[in-house]
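**Student:** Take this structure first; my questions come after.
Every number here is computed from the coordinates shown, using simple stated rules; none is lab data. Just so you know, these numbers come straight off a predicted model, no measurement behind them. Note that each Cβ is placed from the backbone with ideal geometry, even for glycine, and that neighbours are counted across all protein chains shown.
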Amino acid sequence: SNMHPLISGFFKLLTMAMHLIERGGFLSSESDSNRPSQNHCEIMRSEPELCSILVGKFAGEVILRCKQFYQDLLAACIEFVLSLPEPIRTPQTQIPALRAALKMGIS
């Protein structure tokens, strides 16, 4: 998205991926018994945790860039942020996206 930020299809593809991730349960939390024991010096993170962190940071960047977008690209970005699975959703990303979506609906 950094190389071609004006292509809304990229964000639509990410929206579909977020729906599939949530439907497939990829980011569901593991039970503590399945996790390896953690050393106080070395924190082990699972793939779903790392994916959640990465996608969450990307969603934050998308929200910041949304102020520059309009029409279809803005709608695709907002839809991506609003489609984030439960473990990734934060008020910092959801509230600005909801405000932008409601503002689009007014105009």
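**Student:** Compute the label zone of residue 26 within segment 68-96: residues whose backbone N is under 19 Å from the point 7 Å along Cα-to-Cβ.
**Tutor:** Residues 77, 79-90 fall inside that zone.
**Student:** Now for a separate question. Can you compute the modelled spin-label distance between residue 98 and residue 49, with each label point 7 Å from Cα toward Cβ, in nm?
**Tutor:** With each label point 7 Å from Cα toward Cβ, the separation is 2.9 nm.
**Student:** Further question on the same structure: Could you tell me what fraction of 2.2 N^0.38 Å the Cα radius of gyration of segment 64-107 comes to, as a two-decimal ratio?
**Tutor:** Working: Rg = 10.1 Å, N = 44, 2.2 N^0.38 = 9.3 Å.
Cα-based Rg divided by the globular estimate yields 1.09.
**Student:** Stretched out fully, how many nm does the piece from residue 70 to residue 89 gain, at 0.36 nm a residue minus the Cα gap?
**Tutor:** Details: separation 19, 0.36 × 19 = 6.84 nm, distance 2.32 nm.
Contour length minus Cα-Cα distance gives 4.5 nm.
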